[in-house]
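Sending over a structure as C-alpha cells; questions will come in a sec.
Computed from the coordinates by the stated procedures, all read-outs in this text should not be read as laboratory data. Because the structure is predicted, anything quoted here is derived from the model rather than measured. Neighbour counts are summed over all protein chains in view; Cβ atoms, including those assigned to glycine, are modelled from backbone coordinates with ideal geometry.
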Amino acid sequence: MNTTSRAQASSWVIHLESRSLPEIDSTVLSVPSLKTSSDQASNEELETTAVENGTLANDKDRSPAADSASASTVNTDTNCAQRPQPARPKYVVGDSLTVGVDLAGFSDLSARRCLNVVRFDAEVGRTTAEAIDVVSSWGVLPEDAVVLVGLGTNDTWSSRKQFAEDAERLLNVIGDRDVVWVDVSDGLPRSGAHLNEVLRDLASTHQRVSVVDWSAYETAHRVVRAYDGVHYSIKQYEKRSDFYGLVLHSYDLGRSRFSAAPQLP
C-alpha cells in the first residue's frame, strides 16, 4: 500500500499514531497512547473463527455487552464528571467489524476514556442502506454529537453509484452533525477501493464529514486478519477498538474535522 500517494491525493484522510498530549500541534492529530495487545499474533489467534460463525460467543474474553451489540452504553465513571471539558455525546453505528470492537471490550475502554458513548449499534452483515432506518430510530441527535460510522465492508458488491446514494441518505438522516467514517480496509477478498473513492468525494463536499484511514493504521500496527480475510481474532479486534477510541477522543481535544494527512512511521 502506498500511503504517500494516499496522503497526497486525499487531504481529508487522517493517519493516526499514538503519542503523548504535549505533541499535539496544528498539523498532526495525536492522542494519548492506549494499551494495546502484542503486535505478534499467535497461531491460535489466527485460527479464531469469524464473527459470522458464532463461535466468538463462547470466547472467554467476550465483553458483557456482546449479547446485545446494539445496546446503548452510557459512561458512569464519576471521574468523568471532574473533567475540565465535558465529553461530546458520541454515537457508533457499524457492521460485524464493529461488533468485534464491542467483543474486544470497547465499552470498558469508553468508560476509562470518558468518551460519553450514548449509543453503540452494530450488527453482523449490516449494509449502509440498512443502517439508515437504524439511525433514523435514534431521533434528532444533539447538535454537538459525533457519529462514527463503521460501514462499507458489506457494500463491496454495490456499485459506486449505489453506495454514494446510500451514504448520502445516511448522512441526511444524521443531519448537520460531525461524522467520522472509517474507511474500508485494503486487501479484502472483494475490493472496496471504489467505496473509499465515494467517501473521499463525500468528505470533500460535506464540511462536517471526515474519513479516517483504518487501512493505514491496520498496516502500521500489523493487524492480522482471520482466515476469511475480513475479520479478526479478539486480540486483533482490540487494536480496532483502540483505533475507535483514538478517533472519538480526538473530538474532545477540540478537533471538529480532520484536515491533515501526516504519514505513519
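Go through the stretch 243-251 residue by residue and turn each phi into a ³J(HN,Hα) via Karplus (6.51, -1.76, 1.60, θ = phi - 60°); whole Hz please, and just put x for glycine and proline.
Taking θ as phi minus 60°, the curve returns 4, 4, x, 4, 5, 5, 5, 4, 6 Hz for the stretch 243-251.
Order of Ser136, Ser110 from fewest to most other C-beta atoms within 10 Å?
Lowest count first: Ser136, Ser110.
Give the peptides 178-190, 93-105 in descending order of average Cβ contacts within 10 Å, highest first.
93-105, 178-190
Counting residues in the stretch 70-251 as N, plug N into 2.2 N^0.38 Å and put the Cα Rg over that result.
That ratio works out to 0.98.
Can you sort Glu143, Glu130 so the residue with the fewest Cβ neighbours within 10 Å comes first?
Glu143, Glu130
Okay, moving on. Using θ = phi - 60° and the Karplus relation 6.51 cos²θ - 1.76 cosθ + 1.60, list the HN-Hα couplings for the stretch 221-231 in order, rounded to whole Hz, with x at every Gly or Pro.
Whole-Hz 3J(HN,Hα) from phi for the stretch 221-231: 9, 6, 7, 9, 7, 6, 4, 7, x, 10, 9.
How much length would be gained if the chain were fully extended between Tyr227 and His206, taking 0.36 nm per residue of separation minus their Cα-Cα distance, in nm to one decimal?
Taking 0.36 nm per residue and subtracting the Cα distance, the gain is 3.9 nm.
Enumerate the amide H contacts of Gly152 below 5 Å, restricted to partners 5 or more residues apart or on another chain; note that Pro and chain-start residues carry no placed amide H.
So Gly152 has HN proximity to Thr128.
Taking amide H positions as placed 1.01 Å from N in the peptide plane, with prolines and chain starts having none, which residues 5 or more places from Tyr232, or on another chain, fall under 5 Å of its amide H?
When sequence neighbours closer than 5 places are left aside, the close amide H contacts are Val51, Ala226.
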